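Since the structure comes first, as structure tokens, the remarks are kept for the end.
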Amino acid sequence: MWFLFAILSAIFAALTSILAKIGIDGVNSNLATAIRTVVVVIMAWGMVFLTNTQNGILEISKRSWLFLILSGMATGASWLFYYKALQMGEASKVVPIDKLSVVFTLILAFLFLQEQITMKSLVGCILIAVGTLIMVL
């Protein structure tokens, strides 16, 4: 089931890029990011209440709060930079560079989460990096 959700995530991420590129025309990138963020917040809290999981907020540890807040700040920074890049550049070039996050995630997971780098994942990351360079040059 995780694979289906991952595919759906990729499809909606692609739609996000195309819809954002169209919608950002003539709009300040920071304002566009703020509008997008409000929509995401409404959708996320809607899912919390729809699934009746709002009571779980009281069970979140201080450590989890810290890392969820830091993750949110990283997401915000990512979105702000992404929208600025998308406003200034072509979606077909911005999006592949943004997807280098896969390579950075592998490196950070190795450094901070002690996850193993397999030969298969290393080759995949190299191919992603090379493919990105080919697409944007």
*Could you run through segment 14-52 and say how many residues are loosely packed, with under 11 Cβ neighbours inside 10 Å and either in a loop (DSSP other than H, G, I, E, B) or among the small types (G, A, S) (or both)?*
6
*Failed condition for V103, given (1) outside the structural domain of A6 (by TED's automatic domain parsing); (2) out of contact with any Leu (no Cβ under 7 Å at 6 or more places or on another chain); (3) of a type in the set (V, I, T); (4) without any contact (Cβ under 8 Å) to a residue 24 or more places away in the chain, with all others met?*
(4)
_Return the residues of segment 14-52 that are charged (D, E, K, R) and either under 16 Å from K99 (Cβ atoms) or in contact (Cβ under 8 Å) with a residue 40 or more places away in the chain (or both); say none if nothing qualifies._
K21, R36
*Out of (1) under 28 Å from W45 (Cα atoms); (2) touching a helix residue (DSSP H, G or I) at 6+ places or on another chain (Cβ under 8 Å); (3) not β-branched (V, I, T), what's the single condition that is false for L66?*
(2)
*Residues being surrounded by 11 or more Cβ atoms within 10 Å (Cβ to Cβ) and either of a type in the set (A, V, I, L, M) or in contact with a Cys (Cβ under 7 Å, 6 or more places away or on another chain) (or both) - total across segment 97-126*: 11
_Residue satisfying condition, being over 18 Å from P96 (Cα atoms) and in a helix (DSSP H, G or I), within set I69, I11_ = I69
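The values are calculated or read from the model by the stated rules, or taken from the named source; none is laboratory data. In this text the structure is predicted, and so the values were computed from the model without any measurement. All Cβ positions, even for glycine, are placed from backbone atoms using ideal geometry, and neighbour counts span all protein chains on display.
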